[in-house]
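Laboratory data are not the source of any read-out in this text; all were calculated from the coordinates shown. A quick note: this is a predicted structure, and the numbers were derived from the prediction, not measured. Ideal geometry is used to build each Cβ from the backbone, glycine not excepted, and the neighbour counts take in all protein chains shown.
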Amino acid sequence: MAHHDEDFLRRATEAKTRIRQLVPEEARQRITQGGLLLDVRSGEEYAEGHIEGAYNLPAEELAKQIARLQPDKQAPILCYCRGGNRGALAADELQRLGYANVASIEGGLTAFLNASESE
């Protein structure tokens, strides 16, 4: 489990004011409509469990690798991590790189899985 320092949490909170966050139900709809689903956690975290159909692109590789996975800057992209902070930062970074249709899952994989269990 990742523990984030105060600076990281501050940056994540700021990023969340600049991006679109989807609650799990909205995220599920977006996933069924297609687009690129990005798990921005480490390879080890991804291997422990992820949303079906997600590509693993760790946040630190995002800027270098995103054009290979999605060259179309208008295509929908949905980012997530375990709790929502790295996903928000990744979505914010993608917007800075010129991607126009980006969102993150509010609460990350944890919220997504918890919402699935309650359905």
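Remarks
- Total charge dipole magnitude, the chain, about the Cα centre, Cβ charges on Lys, Arg, Asp, Glu only, Debye to nearest 20: 500 debye
- Per-residue [θ]222 nm for the chain (sum of -39500 (n - 2.57) over DSSP H runs n ≥ 4, rounded to 500): -14500 deg cm²/dmol
- In nm, spacing of pseudo-spin labels at ALA115 and ARG10 (7 Å Cα→C-beta vector): 3.0 nm
- Hypothetical label at ALA75: residues of segment 22-61 whose amide nitrogen lies under 17 Å (7 Å Cα-Cβ projection): 30-40, 53-58
- Highest GNM mean-square fluctuation among ILE19, ILE66, ILE105, for the chain modelled with Cα contacts below 10 Å: ILE66.
- In segment 1-63, the GluC sites (Glu not before Pro) that fall in loop regions by DSSP, at most 13 other Cβ within 10 Å: GLU52
- The mean sequence separation of alpha-carbon pairs under 8 Å and at least six residues apart, normalised by the residue count of the chain, gives a relative contact order of 32 percent.
- At least 15 Å along the helix axis (C-alpha) and Kyte average at least -0.5, DSSP helices within the chain: 108-118
- Calculated over segment 21-118: convex hull of Cα atoms, volume per residue (Å³): 83 Å³
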